[in-house]
1. Looking at (1) free of Cβ contacts under 8 Å to residues at least 24 places away in the same chain; (2) touching a His at 6+ places or on another chain (Cβ under 8 Å); (3) at the interface with chain D (Cβ under 10 Å from one of its Cβ atoms); (4) not hydroxyl-bearing (Ser, Thr, Tyr), find the lone condition where A:Arg201 falls short.
2. Pull up segment A:112-133, narrow it to residues that are among the small types (Gly, Ala, Ser) and touching a strand residue (DSSP E or B) at 6+ places or on another chain (Cβ under 9 Å), then point me to the one that is most open to solvent (accessible area, probe 1.4 Å).
3. Go through (1) more than 12 Å from chain D (Cβ to nearest Cβ); (2) under 30 Å from A:Gly199 (Cα atoms); (3) not acidic (Asp, Glu) one by one and return the number of the condition A:His233 breaks.
4. Which residue pairs have Cβ atoms under 6 Å apart, sit 6 or more places apart or on different chains, and have a first residue in segment C:167-185 that is within 14 Å of chain A (Cβ to nearest Cβ) and a second that is open to solvent by 10 Å² or more (accessible area, probe 1.4 Å) and of a type in the set (Ser, Thr, Tyr)?
5. Need pairs with beta-carbon distance below 6 Å; first residue more than 20 Å from A:Pro342 (Cβ to Cβ) and within segment A:17-37, second at pLDDT 95 or above and among the polar types (S, T, N, Q); sequence gap 6+ or separate chains.
6. Does B:Gly320 fit the bill of being at positive phi, out of contact with any Cys (no Cβ under 8 Å at 6 or more places or on another chain) and more than 10 Å from chain C (Cβ to nearest Cβ)?
7. Restricting the search to segment B:251-280, which residues are of a type in the set (Lys, Arg) and open to solvent by 20 Å² or more (accessible area, probe 1.4 Å)?
8. Within segment D:93-111, which residues are over 15 Å from the mean Cα position of the chain (by Cα) and either surrounded by fewer than 14 Cβ atoms within 10 Å (Cβ to Cβ) or not aliphatic (A, V, I, L, M) (or both)?
There are 4 protein chains.
Amino acid sequence: MKKKAAILGASGYTGSDLIRLLLIHPEVEVIHATAEKHVGKSISDVLPYLRGFLDLELKPLDVELIPDEVDIVFTALPHGKSAGVVKELVGKGKRVIDLGADFRLSHQTYREWYGDHPCPELISRAVYGITELFRTEISEAQLVANPGCYPTSAILGLAPLLKYGFIEERQIIVDSKSGVSGAGRSLELAYHFCEVNEGVRAYKVGEHRHTPEIEEVLSRYCGLSVRVSFTPHLIPMDRGILSTIYVKLKEVVSSAELIALYREFYADSFFIRIVPESVYPSTADVRGSNFCDIGVKVNKRDGTAVIISVIDNLVKGASGQAIQNMNLMLGFDESLGLTMPPVFP
Amino acid sequence: MKKKAAILGASGYTGSDLIRLLLIHPEVEVIHATAEKHVGKSISDVLPYLRGFLDLELKPLDVELIPDEVDIVFTALPHGKSAGVVKELVGKGKRVIDLGADFRLSHQTYREWYGDHPCPELISRAVYGITELFRTEISEAQLVANPGCYPTSAILGLAPLLKYGFIEERQIIVDSKSGVSGAGRSLELAYHFCEVNEGVRAYKVGEHRHTPEIEEVLSRYCGLSVRVSFTPHLIPMDRGILSTIYVKLKEVVSSAELIALYREFYADSFFIRIVPESVYPSTADVRGSNFCDIGVKVNKRDGTAVIISVIDNLVKGASGQAIQNMNLMLGFDESLGLTMPPVFP
Amino acid sequence: MKKKAAILGASGYTGSDLIRLLLIHPEVEVIHATAEKHVGKSISDVLPYLRGFLDLELKPLDVELIPDEVDIVFTALPHGKSAGVVKELVGKGKRVIDLGADFRLSHQTYREWYGDHPCPELISRAVYGITELFRTEISEAQLVANPGCYPTSAILGLAPLLKYGFIEERQIIVDSKSGVSGAGRSLELAYHFCEVNEGVRAYKVGEHRHTPEIEEVLSRYCGLSVRVSFTPHLIPMDRGILSTIYVKLKEVVSSAELIALYREFYADSFFIRIVPESVYPSTADVRGSNFCDIGVKVNKRDGTAVIISVIDNLVKGASGQAIQNMNLMLGFDESLGLTMPPVFP
Amino acid sequence: MKKKAAILGASGYTGSDLIRLLLIHPEVEVIHATAEKHVGKSISDVLPYLRGFLDLELKPLDVELIPDEVDIVFTALPHGKSAGVVKELVGKGKRVIDLGADFRLSHQTYREWYGDHPCPELISRAVYGITELFRTEISEAQLVANPGCYPTSAILGLAPLLKYGFIEERQIIVDSKSGVSGAGRSLELAYHFCEVNEGVRAYKVGEHRHTPEIEEVLSRYCGLSVRVSFTPHLIPMDRGILSTIYVKLKEVVSSAELIALYREFYADSFFIRIVPESVYPSTADVRGSNFCDIGVKVNKRDGTAVIISVIDNLVKGASGQAIQNMNLMLGFDESLGLTMPPVFP
């Protein structure tokens, strides 16, 4: 019998992609979904691409309404709405994957960047869900804090070099380009078609809250004090993040050597694909899929290296990685239900 | 043991999507692929999204090189290249699904619109592969002529009304809007990004070769002499065709009645989804999938009806329908391996 | 000394393009602009592309605040907000170009499609502003009702054929494809980037309020009782409308003859460009400009003709035509300040 | 009487935008244009947006055919084709603006990055045409080497900080995002709509030939030995380059102080607009225009600054700057004919 999942916040792009991916999953099914703006409607009226797949009625956001038989709860709620709900769920013994930002940072860092935390006592119980780096902890966690989209692309691109001490940990620049779905499905002039289309712009330069997430996770994972300068950009496409990462090498090394290092580091990671030398991945190569493709280039002129890391922000950057984590938590192979190829073009 | 497939012409968008979909298929695998421009390369160098999935070496187009164990051959070759190859394959007893235009028309109509046919004796042995209309013939066919993308959207939208005699069969207008992948992956200035982006244009007005395909198939299926005025347009997106079809009703009927008619007509067709009254489908609702969504509206002011039919041109309009046909030919359920939801956004 | 213009509703796309075009105009300058959501801000904070051009402070919508020296007032207000303001302006003796829908229809038709009119007594004083058809009336008008974007493309495409009696006036189909700026700058999920991008859809099929506008204007102009079946579609681009118009010819005529007819009809109209036979215009050919390019094709198979008409919806479909009308009203050449070429790509 | 211009290579995007902009120019007209692929055709058949503006017949590329009365020649030829033609033109005493790369670098640097130069003796006579930095030299030059698009955005963004010694000159990272028109109008699979759309990718990482152009020009201008790490990216839009520039500050300074510095540095430069603190420019703010908008942000966490510089690659990055240079060469105000606002959206 299939495991049962609930999705709180099912009508946004993250919730929607959770549904899409769980419909493909052979061992888990969605039996409960909420969407405060659409209570009482069928999910397929709100997301017409689901016609014929799922006629689930959307419920209000109320933990009491979640059926007891639910094995795993995904929370894909607007910022600030997660913490309280997650606390209730954990209190009832549910296993939870939170796709919000409330449990990704240490308490101290959270306070610096966000302010007071609604339930600080829960923070230490959350496991950060970059699957490739924290498999054991994730498989045993009751609460997984699913990573942000930008941090996923940056952390996967940087972990091998930092772990093996190849680069200066305080001279890292992450320049990321994101499609618009990363900003969610809510209404803001900035995401109106004509404001985004045929343009590119940076935002929250040096101030984006994903900065401490990248720093803290890499610092903890590598035992260093990592600092990054992070600049996100919005570009006119639906899905995809490309992060161009600039690092200072500690000693001379070739592109080929670094590529070999990455291949070894990720040898057991199905979803990380290291591309050949002189080839650079496009977000189009991973669209709709859980892959992270990485290209590496050493610039001999100045002893720096450039790492290019691409993901689909809604999949590896959100819902796909959440399901990868769910697989570990429920005892499945981490790639179960996620092995379909990208959709190109 | 899985059935074996060969794809002749694997590096274009149609061939590529055949590979993508067969990689998901539980009972069929691709063991042979050709691409004349890329002989000797790995398919995943030519189509990088396939990294890690398939390392098949691309072969030259030579029927002798196709392994004997191949159960089904897909030909996705440029216009005019199919016929000779298909003849050879049929001669060797292979079952073939031809995604080109060579076997879709009667000999006479072919001559009118294309000129001399390279192997007219084979035409009568080909079954036209709109799955929903010709299931029995397809399941028994040795050679299936897979429909064109525009005809698929038009024929599925018109069949119920013509079959039941609701409309004038010689006053039909089909106004279609297509994404650029329908034009293939070859190099032409017209498909350069900057020539297509931020613009829309009509082409081959009243002269497109899909016109006789729509007319002939519907005429045969419905026992009528159908005539359509067909205008294709190119719009700035990758995938998708929306056909807006204008018809003259023979007598007064409501939108609700027509919708009921469509629902009944397609009751056993998983891939045809009839949308509710006053809702119109977007190509975004079917992207990456084999669905055809249809909306219907009666215009009481003038006794006409408008039918809106959307497909993904590369899937239901080409490779997906080819696999649907393959399923029937190989004795599988027609939806096997094709049941994943669309990718939205 | 330059003439003075006021723009009521300056922060939307129509108001914005009025400003852009008036900044180029050699004889008129904007000295007053309103935007209720942004009162007190500089226009260039709300529309950053105007940095360095115009530092006008945005005012509230109050007719009393408009300086006396203003020669012409453009109202680019949300539906329903125009009528009252226009009434006040006309009462004060101002010349007004209303870019809304309130004064485009006869009273009776307005009631059928919109409901009660707020100031019916003014309707008969408004001149409909398709410049090419009503130059004399426009030049003498106090109040011009600037045409809708879809009607502009349809009326210009149909006028020659109807005026000279070449086609059946009650068998006309207008299938229009519009960029997103036509929907305005207000916030609706339907215009969120990810909802529009990579998709095409029809809306308000057979029910769009531009239908009676097309019918009534053409009927009046040609002395006929014209009926059209009109279907608008939204496509993923910023600017542009392409209307594909299907008509029934009364007698046999060639494409070349029709093209000659169009050339003669529009011989004195700088902004109408008739393209050669077998060529069809793209919206990209008119982007940013006041041109309407028209292509014509006779389909001999069934005695119909297809007319393709393209405009930039914000220019010839709104602000450009408004300035063309203003030129006539102020005694300038109608093309003054509008003669820059389109922007391609 | 208007000055006369010739454009060699008129059918590409750069040549096309030269024509567009010169049609607006009040004092210069195009009387001669070449396009080897389209000899004998009218320019408006090759670039239909020009219908009604210019019916110039396209000539073969032959210096002898250029009318004597031509005052200024623009060469917009494929790489490697310029040098020989420019040599002939200079020999005949013509004033030339070369939009290619042949005369932008010193002989030595050219050899390192390109190989042998076809006419090295001419290099020292060429003036590099970043207008804002080299006005005097440009106004007196016979031959201007018009800057590359990426270097324009990078050099304008870096010049004030380097000139005044605020930053480390050998720790500069330039991460640029370009629309597709920058790659030209020639046929390559990489620029097919479906290969570019819905994706972003880096290319020529650390190897792009615009790298030495940025370094050499800034080194010469500032009397330093500047080194940059440059990574270009292709994003799915027609026009625009955004360069995100990361620099190491020599001492602590605020964003406001740097913004003031930029405002002063560019006080006399109409086309450079410095945006307010905490605001970052989008390429959409400059589309179709000759502006370069610059935003600056000091990151106090690590003593770095981020400069965001946006241009329209075809205008300030090519044809617009060429006309700005032409204005100086012909004794006009540098902004003559270039003062129209950007086109938004």
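1. Answer for A:Arg201: the failing condition is (1).
2. Applying the first criterion (among the small types (Gly, Ala, Ser)) to segment A:112-133 yields A:115, A:124, A:126, A:129.
Okay, now just the ones that are also touching a strand residue (DSSP E or B) at 6+ places or on another chain (Cβ under 9 Å), so A:126, A:129.
Working: A:Ala126: 21, A:Gly129: 0 Å².
Only one residue fits best here, namely A:Ala126.
3. (1)
4. Matching pairs, first to second residue: C:Val180/C:Tyr191; C:Ala183/C:Tyr191.
5. Sorted first by the residue in segment A:17-37, then by its partner, the pairs are A:Ala35/A:Ser11.
6. Details: at positive phi: no; out of contact with any Cys (no Cβ under 8 Å at 6 or more places or on another chain): yes; more than 10 Å from chain C (Cβ to nearest Cβ): yes.
It is false that B:Gly320 is at positive phi, out of contact with any Cys (no Cβ under 8 Å at 6 or more places or on another chain) and more than 10 Å from chain C (Cβ to nearest Cβ).
7. Within segment B:251-280, the first condition is being of a type in the set (Lys, Arg), and the residues that meet it are B:263, B:273.
Selection gives B:Arg263 alone.
8. Let us first name the residues in segment D:93-111 that are over 15 Å from the mean Cα position of the chain (by Cα), namely D:93-96, D:106-111.
Within segment D:93-111, D:Gly93, D:Lys94, D:Arg95, D:Ser106, D:His107, D:Gln108, D:Thr109, D:Tyr110, D:Arg111 qualify.
The values are calculated or read from the model by the stated rules, or taken from the named source; none is laboratory data. Keep in mind it's a predicted model, so treat the numbers as computed, not measured. All Cβ positions, even for glycine, are placed from backbone atoms using ideal geometry, and neighbour counts span all protein chains on display. These accessible areas exclude ligands, DNA and RNA; they are computed on the full protein's heavy atoms, side chains included. Shrake-Rupley method; radii C 1.70, N 1.55, O 1.52, S 1.80 Å.
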